Amino acid sequence: MTATCRNFRLLTLAAVSACTLWPLVSNGENQTEILAIGRTASTADIERWDIDVGPDGAGLPPGSGTAQQGETVYAIKCANCHGPDGRKGRDKLAGTPSETRRKNIGNYWPYATTLFDYIRRAMPADKPGSLIDSEVYALTAYLLHLNSIISAKEQINADTLPKIIMPAQARFVPDSRSGGTEIR
């Protein structure tokens, strides 16, 4: 594990610990007023973070990418933590549908759009949300290619990505519940 990944994990652990312990030291008063921190989220703040992508591709931005383009981005921004072929460390990205010892993109993820959404929000771990949409498309294509799901030259975009059938998709059951309160 690299120092950057280790430092990020330690920082994350410290943040989670602080959030968990905060209620224990609180005296029950409104902490925001006492500490004068925080503010109400503006419409612009919410729009900047309201970037979810559904299995059907709803929410995918314009742009495109290929595995060939993604290989370059991966080498610069991802290989340090995930290894040159996506098989390094605890969080293995690549594998085949027949490999079941560890979950990876090839044997577990149900939708290609979920991969795009996750990369866009959470990667790279030390600078989440810093990738531009074309880099996210390229990285998504590269990881799908590493898992033998698409060819190296296949271009993905908002039209083609939702049409990719993931090997594990049949193992997941869509949530078709309706009628309850929608929480947004």
Check your understanding: To the nearest µm²/s, what D does Stokes-Einstein give for segment 64-184 at 10 °C and 1.306 mPa s, using the Kirkwood radius over alpha carbon pairs as Rh?
Key -> 107 µm²/s
Practice item. Assuming R0 = 22 Å, can you tell me the calculated FRET efficiency for the pair residue 165 and residue 130, based on Cβ-Cβ distance, to the nearest 0.05? Key: 0.15
Check your understanding: Given 0.36 nm per residue, what is the gain on full extension from residue 176 to residue 48 after removing their alpha carbon distance, in nm?
Key -> 43.3 nm
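Read-outs throughout are calculated quantities, based only on the coordinates presented, and are distinct from any laboratory measurement. The model shown is predicted, which means the values in this text are computed figures rather than measured ones. Note: ideal-geometry Cβ built from the backbone for every residue, glycine included; neighbour counts use all protein chains shown.
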